Amino acid sequence: FNGSNYSMTRSGDLWYYEWNTSLNTEGDYNITIYYNDTLGNSDSKTLLDTTIDNTAPVLNEWTIPSTTNTNQKDILNITINVTDTRMDVDEIIVDFNGSSYPMNDKGDVWYYEWNTNLNTDGDYNITVYYNDTLGNTNNTETRNILVDLTAPVTTDDSTGIWYNTNAIVTLNATDNLA
């Protein structure tokens, strides 16, 4: 590999070398096989140029939702920017309380439009998972969203009759989530 020699192991007619790429620095490597027989005949063959990448993709920006508890209804646009220095970002999924959905991409920007109207009221933990083409994985911190689709309930103490003088009416509004 790149000018360093390593001995191969023989198993019957098969010769092999187990290369632990995690012990090498990341970069491009040329793999050339040198071989000879018992009479001294020799040859070599460059098999392939390969890239070692042991680093997971990096999250550059997560625009929404915020890191604090956010109340939400209707459409929530989740957008992240993920890059990888050596390989392509292969897949990104967004997870809502254990249910995963693939995100769409436009270059390094990935997005998902979550229609919260299709969910029930309550807390949702959101985590985004991403990997590169070699399977190096990473994930975001978990963010919490409170989906609240139910309007507050209002009550008053009016008697429902007409007054021709000043009247005091007390109004109460309650919301079990927000």
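Taking R0 as 45 Å, what FRET efficiency do you get between residue 166 and residue 123 from their Cβ-Cβ distance, rounded to the nearest 0.05?
Numbers: r = 44 Å, r/R0 = 0.98.
Computed FRET efficiency for residue 166 and residue 123 comes out at 0.50.
DSSP beta bridges in the chain, what fraction antiparallel, as a percent rounded to 5?
On the way: 51 of 54 bridges.
Percentage antiparallel, nearest 5: 95.
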Label residue 73 and residue 6 with points 7 Å out from Cα along Cα→Cβ: what is the distance between them in nm? 6.1 nm
Estimated vicinal HN-Hα couplings, Hz - the range 130-144 in sequence order (Karplus 6.51, -1.76, 1.60; Gly, Pro = x): 8, 8, 9, 5, 9, x, 5, 10, 7, 7, 7, 5, 7, 10, 10
Arrange the residues 75, 126 by how much accessible surface each exposes, largest first, with a 1.4 angstrom probe. 75, 126
Specify the residue with the greatest mean-square fluctuation among 97, 131, 36, computed from a Gaussian network of the chain linking alpha-carbon atoms under 10 Å apart. 36
Positive-end residue of 41, 20, 89, charge dipole of the chain with Cβ unit charges: 20
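Ranked highest first by the average count of other Cβ atoms within 10 Å around their residues, in what order do 98-104, 51-57 fall? The partial results should precede the final answer.
Values: 98-104: 11.3, 51-57: 17.0.
Taking the mean over residues of other Cβ atoms within 10 Å, the ranking is 51-57, 98-104.
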Residue 36 paired with residue 104, simple spin-label distance in nm, labels 7 Å along Cα-to-beta-carbon: 6.2 nm
Quick check for you: with a 1.4 Å probe and neighbouring chains kept, what is the accessible area per residue of the range 1-93, in Å²? 71 Å²
Which order do you get for 143, 10 if you rank them by accessible area with a 1.4 Å probe, largest at the top? 10, 143
How far apart, in nm, are the 7 Å Cα→Cβ label points at residue 133 and residue 88? 0.6 nm
Contact order normalised by length for the chain, with contacts defined as Cα pairs under 8 Å and 6 or more residues apart; what percent is it? 17 percent
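Ranked from the most accessible area to the least, with a 1.4 Å probe and all protein chains present, what is the order of 73, 106? Don't jump to the answer; show the numbers that get you there.
Details: 73 110, 106 145 Å².
So the residues, ranked largest to smallest area, are 106, 73.
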Over the chain, what percent of the accessible surface lies on carbon and sulfur atoms, probe 1.4 Å? 46 percent
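The values are calculated or read from the model by the stated rules, or taken from the named source; none is laboratory data. Not measured: the values here are computed from a predicted model. Methodologically, a virtual Cβ is constructed for each residue, glycine included, from the backbone with ideal geometry; neighbour enumeration extends over all protein chains shown. Quick note on the areas: whole protein, heavy atoms, side chains included, nothing else; ligands and nucleic acids left out. Shrake-Rupley method; radii C 1.70, N 1.55, O 1.52, S 1.80 Å.
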